[in-house]
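Read the structure below first, then the notes.
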Amino acid sequence: MKEIRIIGDLINSAYGRARKAWRNRDLEGYQKLALSQVDWGSKFLDVNIDRTKSGDVSLEEMLEFLPELIPALQEVTNVPLCFDNPSPDFQQTALESYDFGKSDVPIINSIAASRQQLDRFLELINEYKPYVLVIVSEILLPNGDSRQCESPQDVYNASRYFVDLLREKADIPNDKIILDPGLPPVSADTQGIVNMGLDAMKMISSEKDFEGIHFSVGLSNFSWGTPKHMRSDFERAYLSIAGEYGLDMAIANPEHNPIPLEKGNPMIDKLRNALEQGRPRDGMSQEETGYMQAEAILAIVSEGDEDDDF
């Protein structure tokens, strides 16, 4: 299993410390968030200043602040950044503000079938040659629309399309491409999406033409809806399993110690067995087995609560 490199996600207004830093345009506050994540072992730092709980943030506000924020982050650490926004204007401003002499190339996060102005993204990628994170949980339709993937084959097809596109239009090699097959909250995954992502990673990893490509997920999504005291164990158990399928990166809160659990930890088998319950079999539908998976996850939670009470 490969080392799983963490893209620290604390510079995100979903977190209170980042919201406070945004409200005050507090560069020192952002620098502290960056340094703490480096201390926790993050290999990249996600930069997401898109919105807060109190309301949306305008694109104009972000574009005004990025030329101050990015140099401030690079002033305190040379760990490369990950620019997390669907706007090509955001990406262009971020790339123009980034000192490529101080840090390794950054990540553009993300392109996807539903993105507008894909040609502009490709122009930026061709010019700056960054890592490119591609959302492959969406597939492009012949009429130009997109829809959510419904099978590992869909994820494979979406990956095939974007890998070929990045090679042809921007001369990006496999080792700068990061595929995100999507990761829903496991407690609400009645559609088998977790298994779909695992199976797609295995399918893609087995093909020589995809050799060197990276996989990443938004790890915090996985444990949403489970008790706070169990979230780290759920996330780490997922990393233990997904690492076997090819996962080697994750956008995560580094303070949750997002590393695979030690081999033999019972939580790994509990989660693996719960996910197996979600696979259709014996003539059962995905909906039926999906609810069996949800019940198995609830049983894990119940056991954990009992252990804490004891």
Could you list, in sequence order, all residues of region 101-118 that are free of Cβ contacts under 8 Å to residues at least 24 places away in the same chain and within 12 Å of Q74 (Cα to Cα)?
G101
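Considering L275, L247, L183, L261, which residue is of a type in the set (A, V, I, L, M) and outside any loop (DSSP other than H, G, I, E, B)?
Numbers: L247 fails: outside any loop (DSSP other than H, G, I, E, B); L183 fails: outside any loop (DSSP other than H, G, I, E, B); L261 fails: outside any loop (DSSP other than H, G, I, E, B).
Residue meeting the stated conditions: L275.
For region 102-132: of the residues being among the polar types (S, T, N, Q) and part of a loop (DSSP other than H, G, I, E, B), which is surrounded by the most Cβ atoms within 10 Å (Cβ to Cβ)?
Selected residue: S103.
In this structure, does L73 turn out to be buried (at least 17 other Cβ atoms within 10 Å of the Cβ), farther than 23 Å from N126 by Cβ and not aromatic (F, W, Y)?
Details: buried (at least 17 other Cβ atoms within 10 Å of the Cβ): yes; farther than 23 Å from N126 by Cβ: yes; not aromatic (F, W, Y): yes.
Answer is yes for this residue.
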List, please: which pairs have Cβ atoms under 6 Å, are six or more places apart or on different chains, and start with a residue in region 24-36 that is under 12 Å from D9 (Cα atoms) and end with one that is among the hydroxyl-bearing types (S, T, Y) and part of a helix (DSSP H, G or I)?
none
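From the list N221, N143, N195, which one is touching a Pro at 6+ places or on another chain (Cβ under 7 Å) and either part of a loop (DSSP other than H, G, I, E, B) or surrounded by 14 or more Cβ atoms within 10 Å (Cβ to Cβ) (or both)? Walk me through how you get there before you give the answer.
Details: N143 fails: touching a Pro at 6+ places or on another chain (Cβ under 7 Å); N195 fails: touching a Pro at 6+ places or on another chain (Cβ under 7 Å).
Just a single option satisfies the conditions, and that option is N221.
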Specify the residue that is nearest to Y238 (Cα to Cα); the eligible residues are those in region 13-35 that are of a type outside the set (A, V, I, L, M) and outside any helix (DSSP H, G or I).
Y15
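Working carefully through the options L73, L10, L45, find the one that is in a helix (DSSP H, G or I), at pLDDT 95 or above and either among the hydrophobic types (A, V, I, L, M, F, W, C) or closer than 24 Å to A242 by Cα (or both).
Working: L10 fails: in a helix (DSSP H, G or I); L45 fails: in a helix (DSSP H, G or I).
One residue alone meets the criteria, L73.
The values are calculated or read from the model by the stated rules, or taken from the named source; none is laboratory data. Predicted model, so just to flag it, every value in this text is computed and none were measured. Methodologically, a virtual Cβ is constructed for each residue, glycine included, from the backbone with ideal geometry; neighbour enumeration extends over all protein chains shown.
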